[in-house]
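The values are calculated or read from the model by the stated rules, or taken from the named source; none is laboratory data. Keep in mind that this is a model prediction, so the values were computed, not measured. Using ideal geometry, Cβ is built from the backbone for each residue, glycine included, and neighbour counts are taken over all protein chains shown.
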Amino acid sequence: MATQLDMTTRRFRAVPTGGALGCDIFGFPFGDFSPDDISAMRQVWLAHQVLRFRETAIDDDTQIRFSSMLGPFVVHPRQMQQGQHGRRGQILVISNKKKPDGTPAGDLGDGEVNWHTDTWFKERPPSASILRAIELPPAGGNTQFASMYRAYDTLPAELKKAVAGRAIHHQTVIDGRGDVRLGMTRPDNEDYATWPGVDHPIVRTHGETGRKGLYLGGSPKYQTIVGLPTDESREILPALWRHVGRPEQVWTQVWSPGDMVMWDNRCVMHRRDRFDPAAIRLMHRTALEGERPH
Ligand code: OGA
Ligand code: MN
């Protein structure tokens, strides 16, 4: 087990954003980091939920090496997502770029991306997602992060009571933009509770910090609360979703070239602004295996 470096021996500078969550990391030694550096960085990450490494000037191989120090990679579900990197299977391309044949070269296009946590419809969603900016549009495409610890802590008492011990059924057919996922067929009924999917608890306990957070996944329109009559589900879910984006728990990342942001899907939701379709935005993402929400 690596020893933890304290504030005075850290080989990087950590400056909290001053917002609801997030911390800037300056001068992380990407060229020669040690297990101690990784362990010190992880502590800051667990405390602040999102890290932003500024002015990294790193390449794909360094992003992969850095990510691999944190745990096993998620192999991106090839059948369900666009954006597989041609040569490096650990990287998911998030971009509106097109291949020469006109098909998308990346995932998520140029539109708004609603609040979600990554691949919430999997049994074991990723713990960390690590997103690095390579090419940016002149404006737009900002990414917002919301603390689900704070969302849970500030949930009105009657909602807290209503969701205690409850789970959401997350169907796997329709994605966050309302499109049928690659390889899936839409069932010919609107009874989403019966669609293929996974159930995750609405209140989850973070496996490392032990803190409770709200866990809503994505695609709210198709969600149901397990074991509740549909009309009750339809009342509670929108109230939870309205609670997510409250400004007091949100921090906005305005990207600069070389920024790499690492968020914790166990306790953070994120969304993205749209940007000019005529501009190019190119990001490379790695993700690490996570625990089954409990
Ligand atoms: C993602 C994601 C938002 C963005 O990569 O999972 O949601 O800003 N990206 O591109
Ligand atoms: Mn995402």
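Enumerate the pairs (first residue in segment 106-123 and within 9 Å of ILE94 (Cβ to Cβ); second residue anywhere and within 11 Å of ligand 1 (Cβ to nearest atom)) with beta-carbon separation below 6 Å, excluding pairs fewer than 6 apart on the same chain, so at least 6 apart or on different chains.
Qualifying pairs under 6 Å: GLY106/GLY83; GLY106/VAL93; GLY106/ILE94; GLY106/SER95; ASP107/GLN81; ASP107/GLY83; ASP107/ILE94; LEU108/ILE94.
Of the residues in segment 172-196, how many are in contact (Cβ under 8 Å) with a residue 60 or more places away in the chain and more than 19 Å from the chain's Cα centre (by Cα)?
3
Could you please tell me which pairs satisfy a Cβ distance under 6 Å, a separation of 6+ or placement on different chains, a first residue in segment 236-260 that is closer than 21 Å to LEU51 by Cα and at pLDDT 95 or above, and a second residue that is part of a helix (DSSP H, G or I) and of a type outside the set (S, T, N, Q)?
That search, which allows pairs on different chains as well, returns GLN249/ARG150; GLN249/ALA151.
What is the one condition in (1) in the same structural domain as GLU208 (by TED's automatic domain parsing); (2) in contact with a strand residue (DSSP E or B) (Cβ under 9 Å, 6 or more places away or on another chain); (3) surrounded by fewer than 21 Cβ atoms within 10 Å (Cβ to Cβ); (4) not in a loop (DSSP other than H, G, I, E, B) that GLY165 does not satisfy?
(4)
Given (1) out of contact with any Leu (no Cβ under 8 Å at 6 or more places or on another chain); (2) among the hydroxyl-bearing types (Ser, Thr, Tyr); (3) away from ligand 2 (no atom under 14 Å from the Cβ), where does THR119 come up short, assuming only one miss?
The failed condition is (3).
Quick one: would you say ARG285 is within 30 Å of GLN63 (Cβ to Cβ), within 15 Å of ligand 2 (Cβ to nearest atom), outside any loop (DSSP other than H, G, I, E, B) and out of contact with any Leu (no Cβ under 8 Å at 6 or more places or on another chain)?
Values: within 30 Å of GLN63 (Cβ to Cβ): yes; within 15 Å of ligand 2 (Cβ to nearest atom): yes; outside any loop (DSSP other than H, G, I, E, B): yes; out of contact with any Leu (no Cβ under 8 Å at 6 or more places or on another chain): no.
Against the criterion (within 30 Å of GLN63 (Cβ to Cβ), within 15 Å of ligand 2 (Cβ to nearest atom), outside any loop (DSSP other than H, G, I, E, B) and out of contact with any Leu (no Cβ under 8 Å at 6 or more places or on another chain)), ARG285 does not qualify.
Looking only at segment 95-133, count how many residues are modelled with pLDDT under 95, within 13 Å of the chain's Cα centre (by Cα) and over 22 Å from LYS221 (Cα atoms).
The total comes to 0.
I'd like the full set of residues that are of a type in the set (Gly, Ala, Ser) and over 17 Å from THR62 (Cα atoms), limited to segment 8-38.
Filtering segment 8-38 for residues of a type in the set (Gly, Ala, Ser) gives 14, 18-20, 22, 27, 31, 34.
Across segment 8-38, the qualifying residues are ALA14, GLY18, GLY19, ALA20, GLY22.
Within segment 182-199, is there a residue that is surrounded by 14 or more Cβ atoms within 10 Å (Cβ to Cβ), within 16 Å of ligand 1 (Cβ to nearest atom), of a type in the set (Ser, Thr, Tyr) and not in a strand (DSSP E or B)?
No, segment 182-199 contains no residue that is surrounded by 14 or more Cβ atoms within 10 Å (Cβ to Cβ), within 16 Å of ligand 1 (Cβ to nearest atom), of a type in the set (Ser, Thr, Tyr) and not in a strand (DSSP E or B).
Counting residues that are of a type in the set (S, T, N, Q) and at pLDDT 95 or above, which strands (runs of 3 or more DSSP E) fully inside segment 1-80 reach at least 3? Can you show your working first?
On the way: elements: 13-16, 23-26, 50-53.
Hits in segment 1-80: none.
Considering THR230, THR224, THR286, which residue is within 16 Å of ligand 1 (Cβ to nearest atom) and hydroxyl-bearing (Ser, Thr, Tyr)? If you could, list the steps in order and put the result at the bottom.
Working: THR230 fails: within 16 Å of ligand 1 (Cβ to nearest atom); THR224 fails: within 16 Å of ligand 1 (Cβ to nearest atom).
Only one candidate qualifies: THR286.
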